[in-house]
Amino acid sequence: MGNIFYTVPSSCGQRDLAEYCLTAPLLSKVEQHQSTLTSRQEGEELTLDCSYETSQVLYHLFWYKHLLSGEMVFLIRQTSSTAKERSGRYSVVFQKSLKSISLIISALQPDDSGKYFCALWELAQCLK
């Protein structure tokens, strides 16, 4: 089994999210905490952490994967009003009180290699 590499920006500011997360109409502060390069073995589990700031009650959090081709792929969404989400091999640990969300990728595969981003969409701004 070979190594699988993940690149995660240490800080994802408004400019980064605007460039990569075009579905988010309002961008707030989002910070990812991993080092820039993480390596895991095929079949293992990987956890990527993200914290955010918002004063809104209703919001969505998204995880995306940036492919080498430049394409941004949606992985999973968590709403502020639901329990933790799961989609295939992707799940999240959502801690609303701590304003933290972690992406968990289980049973890693070679095509999981890439850059991962989290994004915040504040719904209240869209309702005005």
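The values are calculated or read from the model by the stated rules, or taken from the named source; none is laboratory data. On a predicted model such as this, the values are computed, not experimentally measured, just so you know. Backbone-built Cβ (ideal geometry, glycine too); neighbour counts: all protein chains shown. Side chains are part of the model used for accessible areas, which takes the heavy atoms of the whole protein and leaves out ligands, DNA and RNA. Shrake-Rupley method; radii C 1.70, N 1.55, O 1.52, S 1.80 Å.
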Within segment 60-78, the residues that are surrounded by 13 or more Cβ atoms within 10 Å (Cβ to Cβ) and modelled with pLDDT of 90 or more are H60, L61, F62, W63, Y64, K65, F74, L75, I76, R77, Q78
Of the listed residues (E31, E44), the one being at pLDDT 90 or above, on the phi < 0 side of the Ramachandran plot and acidic (D, E) is E44
Going through segment 81-110 in order, the residues found to be open to solvent by less than 60 Å² (accessible area, probe 1.4 Å), in contact (Cβ under 8 Å) with a residue 40 or more places away in the chain and not hydrophobic (A, V, I, L, M, F, W, C) are S100, S102, S106
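Condition check ((1) hydroxyl-bearing (S, T, Y); (2) assigned to a strand (DSSP E or B)) across all residues:
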| position | (1), (2) |
| --- | --- |
| L48 | no, yes |
| S51 | yes, yes |
| V57 | no, no |
| H60 | no, yes |
| W63 | no, yes |
| S69 | yes, no |
| F74 | no, yes |
| S81 | yes, no |
| V92 | no, yes |
